[in-house]
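The numbers here are math on the coordinates, done by the rules we state, and not lab data. Just so it is clear, the model here is predicted, and its values are computed rather than measured. No Cβ is skipped: glycine too gets one built from the backbone with ideal geometry, and neighbour counts run over all protein chains shown.
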C-alpha cells in the first residue's frame, strides 16, 4: 500500500516566495490578535500577508519556485532569484557578525580599533564597524 504524503508550505502573498514547510502542519508568522476575555494580548497566524499551500509532489524550491494561485508553483523569474540570493547573502552576513561565533570577529575588530586609537570603540563606532563588515562580507 502506497500512502501519498502531503506537504504544507507557507508563502508570502506579496511575492509568492516560499518561506518554509514540510510534512507537518505549518502556519504563517504570528501577528498581534485581539485581547483575550481577560484583556491579555494574544497572537494569531497572519493570514493577511501569508498563505499556506499544499502539495502532493516534491517540495517547492524556495529559490527557484514561487507560489501561484492557479498553478500551485511556477518558476521564479531571474529578478526573483537575484532578490532571493541577495536576501540570503544579507542574512548570512548579519548572522556571521551577530552570532556567538561572530564574537571572535567583533573582538578582533575592537582589538585592532583599540590598538590604533588607544580606546575601545563607542556604540556608534561599533555600529559603523558592523556596517563596514557587512559591506565587505557581501562584496567577497
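Tell me, what are the semi-axes, in whole angstrom and largest first, of the equivalent ellipsoid of segment 35-109 as set by the roots of 5 times the Cα gyration tensor eigenvalues?
The equivalent ellipsoid of segment 35-109 has semi-axes of 31, 27, 10 Å.
Over all pairs of distinct alpha carbons, what does the Kirkwood formula give as the hydrodynamic radius of the chain, in Å? Each step should come with its number before you reach the end.
On the way: mean 1/r = 0.0534 Å⁻¹.
One decimal place: 18.7 Å for the Kirkwood radius.
Using Stokes-Einstein with the Kirkwood hydrodynamic radius over Cα pairs, what translational diffusion coefficient do you get for segment 7-76 at 10 °C and a viscosity of 1.306 mPa s, in µm²/s rounded to a whole number?
The calculation lands on 122 µm²/s.
What relative contact order, as a whole-number percentage, does the chain give when Cα pairs under 8 Å and 6 or more residues apart are counted?
Details: 165 pairs, mean separation 24.3, N = 140.
Dividing the mean separation by the residue count of the chain yields 17 percent.
Any idea what Rg and Dmax come out to for segment 82-139 if you just take the C-alpha atoms, in Å?
Computed over the Cα atoms of segment 82-139, radius of gyration and Dmax are 12.7, 43 Å.
How many nm is it between the label spots at residue 108 and residue 19, if each spot is 7 Å from the Cα in line with the beta carbon?
It works out to 3.5 nm between the two label points.
For a quick check: sort 11, 84, 47, 24 by the number of other beta carbons within 10 angstrom, fewest at the front.
Sorted ascending by nearby Cβ count, the order is 24, 47, 84, 11.
Could you work out the per residue convex hull volume over the alpha carbons of segment 51-90, in cubic angstrom?
So the per-residue Cα hull volume is 79 Å³.
If you rank 65, 80, 38 by fewest surrounding Cβ atoms within 10 Å, what's the result? Spell out each step's value before the answer.
Working: 65 22, 80 18, 38 5.
Neighbour counts put them in this order, fewest first: 38, 80, 65.
Which length gain, in nm to one decimal place, applies between residue 122 and residue 64 when the Cα-Cα distance is subtracted from 0.36 nm times their residue separation?
That works out to 16.6 nm of additional length.
In nm, to one decimal, how far is the residue 8 label point from the residue 34 one, both placed 7 Å along Cα→Cβ?
Taking the two extended label points, one gets 2.3 nm.
If I model a spin label as a point 7 Å beyond the Cα along the Cα-Cβ vector, how far apart are those points for residue 55 and residue 95 in nm?
2.0
For the chain, what is the mean residue ellipticity at 222 nm derived from helices alone (per DSSP H run of n ≥ 4: -39500 (n - 2.57); sum divided by total residues; nearest 500 deg cm²/dmol)? If you can, show how the numbers build up before the last one.
Numbers: 3 runs with 53 residues, N = 140.
Helix-only estimate at 222 nm: -13000 deg cm²/dmol.
Determine, for 116, 105, the number of other Cβ atoms within 10 Å of each Cβ, and report the residues in order from fewest to most.
Ranking 116, 105 by Cβ neighbours within 10 Å, fewest first, gives 116, 105.
Take the Cβ-Cβ distance between residue 77 and residue 44 as r, set R0 to 25 Å, and report the resulting FRET efficiency rounded to the nearest 0.05. Before the final figure, lay out the partial values.
Numbers: r = 32 Å, r/R0 = 1.29.
The formula returns an efficiency of 0.20 here.
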